[in-house]
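K.L.:
Right, I'll just put the structure down here and ask away after.
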Number of protein chains: 2
Amino acid sequence: MNAVKNYIQENKQRFLDELVELLKMPSISADSSFKNDVLKTAETVKLSLEKAGCEHVEICKTKGYPIVYGEKILNKNLPTILVYGHYDVQPPDPLDLWNSPPFEPIIKKTETHPEGAIFARGASDDKGQVFMHIKAMEFMTSTNLLPCNVKFMIEGEEEVGSKNLEAFVKENRERLKNDVILISDTGMISKDTPSITTGIRGLSYVEVEVTGPNRDLHSGLYGGAVANPINILSKMIASLHDENNQITIPGFYDNVEELSKEERTEMAKAPFSLKAYQEALDIESVYGEKGYNTNERNSIRPTLDVNGIWGGYIGEGAKTVIPSKAFAKISMRLVPNQDWEEITKLFKSHFESIAPKGVRVKVKPHHGGNGYVTPLNSLGYQAASKAYSETFGKVPIPQRSGGSIPIVALFEKELKSKTILMGFGLDSDAIHSPNEHFGVWNYLKGIETIPYFYKYFTELHK
Amino acid sequence: MNAVKNYIQENKQRFLDELVELLKMPSISADSSFKNDVLKTAETVKLSLEKAGCEHVEICKTKGYPIVYGEKILNKNLPTILVYGHYDVQPPDPLDLWNSPPFEPIIKKTETHPEGAIFARGASDDKGQVFMHIKAMEFMTSTNLLPCNVKFMIEGEEEVGSKNLEAFVKENRERLKNDVILISDTGMISKDTPSITTGIRGLSYVEVEVTGPNRDLHSGLYGGAVANPINILSKMIASLHDENNQITIPGFYDNVEELSKEERTEMAKAPFSLKAYQEALDIESVYGEKGYNTNERNSIRPTLDVNGIWGGYIGEGAKTVIPSKAFAKISMRLVPNQDWEEITKLFKSHFESIAPKGVRVKVKPHHGGNGYVTPLNSLGYQAASKAYSETFGKVPIPQRSGGSIPIVALFEKELKSKTILMGFGLDSDAIHSPNEHFGVWNYLKGIETIPYFYKYFTELHK
């Protein structure tokens with residue numbers, strides 16, 4: 001199958017140009033002022049699927065942003081791969097930290113990417129990785145090398161919790177039926193050390209509101225005499241971790257799977273330099289739950305982080321105000337066996353219970369999903385491992401990730417099939433951060449590797 | 001002196017119209033985008049002083065916003081009153097909580113003000129109260145009833161800490177020389193219960209910045225493994241109060257004057273309804289330092305309040321980010337004998353010392369000032385007490401306030417004279433809050449009372 005290498009060589013510039021066009025579209029699902037851009041992006045994805053040889057391509061309405069579906073069914077006896085991805089992106093702020101505008105993609109060389117990397121919001125998460133699949137598909141259909149059936153389901157609400165995907169999946173169980181689900185929305189250890197994500201964390205995302213007095217007050221006239229919502233919110237947030245940085249919500253750890261010594265030893269074999277990690281982030285020290293190392297803290301352990309906080313006067317200069325309200329966005333990363341809806345309930349009742357008299361507290365659940373683990377002995381994992389071995393010349397390392405793709409657990413429940421997380425990004429891609437980028441090498445390596453997965457999965461399936 | 005009543009009756013509408021014009025000017029000193037408006041307001045104040053009969057009126061340049069000075073010297077042997085006030089105002093946000101635009105003044109009746117109240121930012125703090133003095137001056141000069149010398153010093157940076165006033169006062173000691181300083185920038189207990197503020201709290205206002213990783217991070221990939229600046233900031237803020245709501249900064253209480261039982265008993269005689277207080281603020285309970293009641297907590301005790309907090313994603317929807325930085329604006333109200341510069345140093349070194357490894361902390365002192373107590377046996381206090389008795393028909397109650405007018409301590413130090421805080425506002429004026437207003441009755445009562453102060457102070461001074 002040198003065919004794929006040749007095809008990439010011939011079409012490389014076009015593959016980049018097409019991705020750049022897609023990245024110009026600010027499909028920010030979290031901000032309703034970008035609604036038209038999100039909808040236009042769905043149209044563009046539809047056209048690209050048609051161009052890649054998909055049939056029955058359709059922009060499927062949901063209560064929120066649409067899901068783009070397309071398929072190519074060769075023969076009912078052949079296995080079927082369902083590719084999932086998303087065309088929406090995270091908000092780009094803080095804008096002033098971007099070195100180039102987030103929706104004006106440019107290709108620049110970096111130390112990690114001497115071949116160049118595409119800098120733009122969504123470059124790696126997830127437009128670039130979705131596009132690898134579309135271009136791999138184009139190669140297979142145009143060269144008659146597609147060995148099995150394919151279905152594509154590209155949604156527009158992943159960054160805001162895939163609120164309407166569950167209903168769509170339930171209503172389209174037959175249409176979405178498949179033998180394995182393929183998602184590229186994660187990363188690998190490095191360009192030299194291919195890896196496949198075998199576990200992801202669940203998520204519970206909530207927003208809290210603390211209300212004190214019914215109006216903003218002068219801090220001189222009322223200071224010290226009434227509960228200040230910001231002081232109280234800070235106190236409540238602080239109390240959510242104990243002195244060992246364990247989460248204090250009663251029942252939070254009840255279902256957490258404790259890994260065996262052997263499993264932890266196995267994990268510790270992955271290459272990791274604490275010094276390099278700290279230097280890359282410019283921190284003097286890591287910080288986290290006592291008794292676990294950094295790689296464990298961000299993969300097999302649940303966490304609680306404040307993602308945003310605001311209240312009072314945040315403009316230039318000084319204002320001596322006690323605000324009426326203070327707010328925070330808080331997310332918890334969960335591990336397998338923790339049920340996100342249960343955890344959300346535990347958070348809500350605990351947070352309400354710790355509010356002192358003199359304030360009122362509202363907890364609004366945002367979204368969430370459960371964690372997931374891919375069995376290493378599944379056909380899908382084995383096919384993926386062989387595909388990476390073929391193109392990287394190395395057997396990939398199975399690795400647990402700290403991120404969340406809440407819909408993976410949903411897919412297993414509703415579609416009864418396993419998901420393979422074939423990510424080609426790197427930790428240094430700065431997804432969700434300013435200056436997000438995706439290596440040109442990684443993009444092309446993805447396009448090269450994907451057809452091998454199709455080949456081996458079809459062969460193993462026989 | 002029925003003259004003043006008659007003068008007010010004849011000129012009431014014009015007094016209101018002129019104040020309304022002044023209130024239309026958004027002289028927000030904290031926000032540099034309003035620079036031209038602040039400067040235009042100084043011009044307007046200058047014209048109004050001239051119209052009131054002041055001489056040598058001058059817009060005095062400083063390194064920041066100018067100070068408007070004017071005087072009327074009758075005779076060097078007569079006593080001299082220095083009137084201080086400010087023409088700048090607090091930022092009006094949150095704008096959406098105003099029932100009418102903050103810089104489009106309207107007069108509306110309220111329960112407390114059946115005669116109407118002027119709703120606008122600055123109506124009570126301090127344009128309305130400054131204007132009482134200017135209109136009282138106009139009355140005295142136009143009727144030849146001015147009994148002594150007067151100097152006006154109206155500044156434009158009170159709401160941002162009067163940063164350039166100290167230099168001005170030091171450079172103009174001779175010009176500002178006086179026998180008493182008169183300030184109307186406080187309130188009284190109620191329209192039925194006149195009171196004079198005899199104590200004000202000091203202030204130390206700081207801004208803190210907590211930096212964790214050098215860029216915003218994905219909370220899935222890094223969550224639980226690095227110090228999250230928002231979680232850390234919350235924890236640090238929470239730790240600034242102990243379980244009795246006492247401030248934990250070492251040395252903070254060292255110089256705090258403890259009032260005697262007798263003094264506390266005297267204070268407790270002021271009319272106060274906890275039920276009405278809580279109902280007005282719509283809170284179930286007050287909250288504060290153990291061992292002190294509400295009136296003590298907000299007057300004779302020092303406090304620490306967060307006036308603003310921000311960090312991470314605060315837009316619509318959800319973003320799973322660990323921000324690089326989190327910020328807070330924190331102010332401490334101080335009581336007599338606490339030195340604000342010393343307290344600022346104590347805060348800074350304590351706050352830096354409690355930062356865990358993995359974050360860096362910056363503390364930026366904003367501004368501050370010391371507290372002040374007016375002696376009840378001073379000539380100024382006695383003159384004020386007689387003036388209120390004349391126009392209210394009741395002896396005013398001396399009262400400690402929780403607010404800060406940092407320049408009062410400065411005046412005593414540099415000009416060697418006592419300050420009388422003759423405020424005509426009410427707690428319900430909502431200063432620094434949305435829907436700030438000033439009662440028409442209070443405005444006119446102020447204009448009526450001030451000339452009596454001039455009369456009695458001149459008489460007592462002989």
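The values are calculated or read from the model by the stated rules, or taken from the named source; none is laboratory data. In this text the structure is predicted, and so the values were computed from the model without any measurement. All Cβ positions, glycine included, derive from the backbone under ideal geometry; neighbour counts span all protein chains shown. Ligands, DNA and RNA are excluded from the accessible area calculation, which covers all protein heavy atoms including side chains. Shrake-Rupley method; radii C 1.70, N 1.55, O 1.52, S 1.80 Å.
K.L.:
I need a count of the residues in segment B:432-448 that are modelled with pLDDT under 95 and closer than 18 Å to B:Ser190 by Cβ.
P.N.:
Residues in segment B:432-448 being modelled with pLDDT under 95 and closer than 18 Å to B:Ser190 by Cβ: 0 in total.
K.L.:
While we're on this one: Give the residue that is nearest to the chain's Cα centre (by Cα), with candidates limited to residues of segment A:132-165 that are at pLDDT 95 or above, open to solvent by 10 Å² or more (accessible area, probe 1.4 Å) and within 26 Å of A:Thr62 (Cβ to Cβ).
P.N.:
Once the filter is applied, the top-ranked residue is A:Glu157.
K.L.:
Another one. Where the second residue is among the hydrophobic types (A, V, I, L, M, F, W, C) and in a strand (DSSP E or B) and the first is over 12 Å from A:Thr303 (Cα atoms) and lies in segment A:325-341, which pairs have Cβ atoms under 6 Å and are six or more apart or on separate chains?
P.N.:
Pairs that qualify, where the first residue is over 12 Å from A:Thr303 (Cα atoms) and the partner is among the hydrophobic types (A, V, I, L, M, F, W, C) and in a strand (DSSP E or B), are A:Ala326/A:Val210; A:Phe327/A:Trp310; A:Ala328/A:Val208; A:Ala328/A:Val306; A:Ala328/A:Ile309; A:Pro336/A:Val373; A:Trp340/A:Leu334.
K.L.:
For segment A:295-328, which positions are in contact with a Leu (Cβ under 7 Å, 6 or more places away or on another chain), within 30 Å of A:Gln399 (Cβ to Cβ) and within 7 Å of chain B (Cβ to nearest Cβ)?
P.N.:
A:Asn298
K.L.:
Same structure, new question: Going by the conditions given, is A:Leu376 out of contact with any His (no Cβ under 7 Å at 6 or more places or on another chain) and within 14 Å of another protein chain (Cβ to nearest Cβ)?
P.N.:
So A:Leu376 does not fit the description; no.
K.L.:
Just checking, how many residues over segment A:178-202 are open to solvent by less than 10 Å² (accessible area, probe 1.4 Å) and either modelled with pLDDT of 95 or more or over 21 Å from the mean Cα position of the chain (by Cα) (or both)?
P.N.:
Adding up the residues that qualify gives 5.
Residue by residue, here is whether (1) touching a strand residue (DSSP E or B) at 6+ places or on another chain (Cβ under 6 Å); (2) crowded, with 24+ Cβ neighbours inside 10 Å; (3) within 30 Å of B:Phe119 (Cα to Cα) holds:
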site	(1), (2), (3)
B:Glu352	yes, no, no
B:Thr391	no, no, yes
B:Pro398	yes, no, yes
B:Gly425	yes, yes, yes
B:Tyr443	no, yes, yes
B:Thr449	no, yes, yes
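K.L.:
Filter segment A:400-423 down to the residues that are open to solvent by 10 Å² or more (accessible area, probe 1.4 Å) and among the small types (Gly, Ala, Ser), then identify the one that is nearest to A:His461 (Cα to Cα).
P.N.:
This residue is A:Ala409.
K.L.:
Out of segment A:1-10, which residues are at pLDDT below 95 and open to solvent by less than 50 Å² (accessible area, probe 1.4 Å)?
P.N.:
A:Ala3
K.L.:
Could you grab me the full set of residues in segment A:26-50 that are within 19 Å of the chain's Cα centre (by Cα) and either outside any helix (DSSP H, G or I) or among the basic types (Lys, Arg) (or both)?
P.N.:
A:Pro26, A:Ser27, A:Ile28, A:Ser29, A:Ala30, A:Asp31
K.L.:
Only one of (1) touching a His at 6+ places or on another chain (Cβ under 8 Å); (2) of a type outside the set (S, T, N, Q); (3) surrounded by fewer than 20 Cβ atoms within 10 Å (Cβ to Cβ); (4) at pLDDT below 95 is not met by A:Arg215, so which one is it?
P.N.:
(1)
K.L.:
So is B:Pro336 open to solvent by less than 10 Å² (accessible area, probe 1.4 Å) and in contact with a Gly (Cβ under 7 Å, 6 or more places away or on another chain) or not?
P.N.:
no
K.L.:
Does A:Pro434 count as part of a loop (DSSP other than H, G, I, E, B), in contact with a helix residue (DSSP H, G or I) (Cβ under 9 Å, 6 or more places away or on another chain) and open to solvent by less than 20 Å² (accessible area, probe 1.4 Å)?
P.N.:
yes
K.L.:
Which one is nearest to the other protein chains (Cβ to nearest Cβ) among residues in segment B:86-131 that are charged (D, E, K, R) and open to solvent by 20 Å² or more (accessible area, probe 1.4 Å)?
P.N.:
The extreme case among them is B:Asp93.
K.L.:
Looking only at residues that are among the basic types (Lys, Arg) and over 22 Å from A:Asp93 (Cβ atoms) in segment A:11-52, which one is least open to solvent (accessible area, probe 1.4 Å)?
P.N.:
A:Lys46
K.L.:
Can I ask one more? Kindly provide the set of residues from segment A:329-341 that are more than 7 Å from every other protein chain (Cβ to nearest Cβ) and in a strand (DSSP E or B), ordered by number.
P.N.:
A:Ile330, A:Met332, A:Leu334
K.L.:
I've got another one for you. Checking the conditions here, which among A:Ala238, A:Ala270 is among the small types (Gly, Ala, Ser), more than 10 Å from chain B (Cβ to nearest Cβ), surrounded by 11 or more Cβ atoms within 10 Å (Cβ to Cβ) and within 28 Å of B:Ser324 (Cα to Cα)?
P.N.:
When all the criteria are applied, what remains is A:Ala270.
K.L.:
Filter segment B:273-294 down to residues that are facing chain A (nearest Cβ under 8 Å), polar (S, T, N, Q) and open to solvent by 40 Å² or more (accessible area, probe 1.4 Å), then give me how many there are.
P.N.:
0
K.L.:
Out of segment A:53-81, which residues are closer than 19 Å to A:Ile447 by Cβ, open to solvent by less than 30 Å² (accessible area, probe 1.4 Å) and of a type outside the set (Gly, Ala, Ser)?
P.N.:
Selection gives A:Cys54, A:Ile81.
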